[in-house]
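This report refers to the structure that appears directly beneath it.
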Ligand code: OXD
Ligand code: MN
């Protein structure tokens, strides 16, 4: 049945684009698009299908508009975000909630009516003289029980181009929706641009409307704030997962090789810039995804898919020794978008990249030369600590053969890990699912990083590494994790990893590649092949098993002294952490499940009993093998 907004669309869209939109036969979509056009007033509208010509158009226009510049190597481009737009902005990212709806104090929210009024005010006329793009994607493999459709409207060719690398094409899948309203809508405008970057930084807003499943983002370009299907859709997917009884997580997915031809799949939740991508990229193993996972129970198993099909990764420290596969993808012809690196003569440079950084070039601050200071007198680094690369996973040589499997991969283990300099041992396994969800996932803390704006290195509560994105009351979110394995005979094992433990003198206790040994140990544990030592906080490895794996995997000797230093239980720190965690769950979260306090209390009892017998630092040899 024709609607009044159909006439409006007819008057605004060129026939070729109108036809592509109408072919979707989706009334909610037509209403949303008509409203967005009326609000943002673009000069024209371009509807992209999955057709390679449409995709090539976006790529070409990103260069022509100056949002991306061509680099010396074929297919490589660079984009700069503004100096105050270099990370996810938590302060101005909010959920729009109805009066009376309460998500809890840890979750930024604002009144829906007020918020819509404010952000729509900023969007009004924001696309004047520019083209609005419509892009359709599938979150998760196409035509799968996991997949969610999404549509993004944006006036940024850089954003639309990035999405092309990061998500599976979804126009054809959208057709199969018919008139269903079950998909995610995102409207983004970079706002007023000066020298190609969003100028009205004090009017930067990212609002997520929980009622209509719509996301609005304005006056920002940084992909974490604008690429709708990354962190913005994650927030809506967590709501959907809550309604439908599955999990939407900030997790990597990888295949770890065991003896013979065996591959065991793991998911891993690490906060941004805490080793998620480098774990998923361990050499000899296979990557399914490095950032976002949907998990479902299917036929008595936990199965997972990667929401994405590309990587928006931190480029700092990507070098031929530590990340040979990514390095190769970044240094051969092919489609790569670099952002916020230093450019000199068409070549990108970044810190820790293993090549000498020139003394001058161009970066997000404009012309740059060594020693440049910003207006506050702080040194401007050649590349931003959160500078990034965007690539397709299929351009990597280690992509798992099942990465696009519509049934997902079976999950054998779940890893939780944060940036923790003084408390957790480098590796441990929980006693069971509940113990892992509570003392590892829901107790995760991590020092802040450059992936979000604000001070770095501050210890922060990071349950499941997902705190920035949780969109339901936090207690309910944890309860969903606890309930998730109901009816599953052998739930995945849960592990806690800590790559960032330090000695008292401040040096890291582990090398960057040690994590490879840890995942190999986890793989053997999932397959019931190795013993472990039972400590008050979980099972830890035996020295002899790690020594064998260090030799096999890294060809390194792993001494008993190193083992004891790394795996000594720091009782005081663990008790202090329990205090912090319990206080947050008790005083800041209203709907904490009672079992969380019981499990934390049991952990406290075990730690206190161990301290009474052995003191504040306890060597692994004090505990028994099991
Ligand atoms: C990301 C992030 O970009 O979490 O993945 O910031
Ligand atoms: Mn992330």
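Please treat every number below as a calculation from the coordinates, not as lab data. The model shown is predicted, which means the values in this text are computed figures rather than measured ones. Note that each Cβ is placed from the backbone with ideal geometry, even for glycine, and that neighbours are counted across all protein chains shown.
Hey, can you rank 86-92, 335-341 by average C-beta count inside 10 Å, highest first?
Numbers: 86-92: 19.0, 335-341: 24.6.
Those peptides, ordered most packed to least, come out 335-341, 86-92.
What angle do you read, to the nearest 10 degrees and between 0 and 90, between the alpha-carbon axis of helix 594-614 and the longest principal axis of the chain?
So the inclination is approximately 40 degrees.
Mind running the shape call on region 429-509? Use the C-alpha gyration tensor, a ≥ b ≥ c as the square roots of the eigenvalues: rounded below 1.5 for a/c, prolate if a/b tops b/c, oblate otherwise. Write down the numbers at each step before the final one.
Details: a/c = 3.31, a/b = 1.47, b/c = 2.25.
Oblate, because a/c is 1.5 or more while a/b does not exceed b/c.
Given a Förster distance of 25 Å, report the FRET efficiency between residue 604 and residue 561 from their Cβ-Cβ distance, rounded to the nearest 0.05.
Values: r = 30 Å, r/R0 = 1.20.
Calculated value: 0.25.
Can you give the relative contact order of the chain as a percent, counting alpha carbon pairs under 8 Å and 6+ residues apart? All intermediate terms of the calculation are to be shown ahead of the outcome.
Details: 1337 pairs, mean separation 83.6, N = 626.
Contact order relative to length: 13 percent.
State the Cα centre-to-centre distance between region 534-607 and region 1-74 in whole Å.
52 Å
Taking neighbour Cβ counts within 10 Å as the exposure measure, how do 185, 78 sort from fewest upward? List each step's numbers first, then the result.
On the way: 185 25, 78 22.
Final ranking by Cβ density, sparse to dense: 78, 185.
How far apart, in nm, are the 7 Å Cα→Cβ label points at residue 10 and residue 212?
With each label point 7 Å from Cα toward Cβ, the separation is 2.4 nm.
Diagonalise the Cα gyration tensor of region 172-260 and give the resulting equivalent ellipsoid semi-axes, square root of 5 times each eigenvalue, largest first, whole Å. Mind dumping the intermediate values first?
Numbers: eigenvalues 176, 85, 35 Å².
Listed largest to smallest, the semi-axes of region 172-260 are 30, 21, 13 Å.
Among rounded, prolate and oblate, which fits region 289-335 when a ≥ b ≥ c are the square roots of the eigenvalues of its C-alpha gyration tensor, a/c under 1.5 means rounded, and a/b larger than b/c means prolate? Numbers along the way, then the final one.
Working: a/c = 3.27, a/b = 2.70, b/c = 1.21.
It comes out prolate by the Cα gyration axes.
Taking the Cα atoms of the chain, what is the range of coordinates along each of the three principal axes, in descending order and whole Å?
79, 55, 50
Order of 144, 513, 126 from fewest to most other C-beta atoms within 10 Å? Present the calculation step by step, with values, prior to reporting the outcome.
Numbers: 144 19, 513 16, 126 23.
Going from sparsest to densest Cβ surroundings: 513, 144, 126.
Along the Cα-to-Cβ line of residue 257, 7 Å from the Cα, sits a label point; which residues in region 368-398 have backbone N less than 13 Å from it?
398
At a 10 Å Cβ-Cβ cut-off, how would you order 390, 617, fewest neighbours first?
Values: 390 25, 617 12.
Starting with the residue having the fewest Cβ neighbours, the order is 617, 390.
List the residues of region 434-456 whose backbone N lies under 20 Å from a point placed 7 Å from the Cα of residue 488 along the Cα-to-Cβ direction.
434-444
Could you pull out which residues in region 195-214 have an amide N less than 19 Å from a spot 7 Å beyond the Cα of residue 43, following the Cα-Cβ vector?
195-199
Compute the length gained on full extension between residue 394 and residue 298: take 0.36 nm times their separation in residues and subtract their Cα-Cα distance, giving the result in nm to one decimal. Present the calculation step by step, with values, prior to reporting the outcome.
Numbers: separation 96, 0.36 × 96 = 34.56 nm, distance 2.64 nm.
Result: 31.9 nm gained on full extension.
Would you list the P(r) distribution for region 502-626, with all Cα-Cα distances sorted into 10 Å bins from 0 and each bin expressed as a whole %?
All Cα pairs considered, the percentages come to 11, 35, 33, 18, 3, 0.
State, in angstrom, two size descriptors of region 1-155 derived from its alpha carbons: Rg to one decimal place and Dmax to the nearest whole number.
When restricted to the Cα atoms of region 1-155, Rg and Dmax are 18.3, 55 Å.
Residue 544 to residue 597: extension gain in nm, 0.36 nm per residue of separation minus the Cα-Cα distance? Intermediate results must be reported in sequence, preceding the final value.
Numbers: separation 53, 0.36 × 53 = 19.08 nm, distance 3.54 nm.
The residue 544-residue 597 span can extend by a further 15.5 nm.
Given a Förster distance of 30 Å, report the FRET efficiency between residue 355 and residue 551 from their Cβ-Cβ distance, rounded to the nearest 0.05.
Values: r = 32 Å, r/R0 = 1.07.
Using R0 = 30 Å, I get an efficiency of 0.40.
Roughly what would the spin-label model give for residue 362 and residue 179, points 7 Å off Cα along C-beta, in nm?
5.1 nm
Measure off 7 Å from each Cα along the Cα-to-Cβ vector at residue 245 and residue 57, then give the distance between these two points in nanometres to one decimal.
Distance between label points: 4.4 nm.
Helix 52-64 versus the longest principal axis of the chain: what angle, 0 to 90°, nearest 10, using Cα atoms?
Long axis of 52-64 versus the principal axis of the chain: about 90 degrees.
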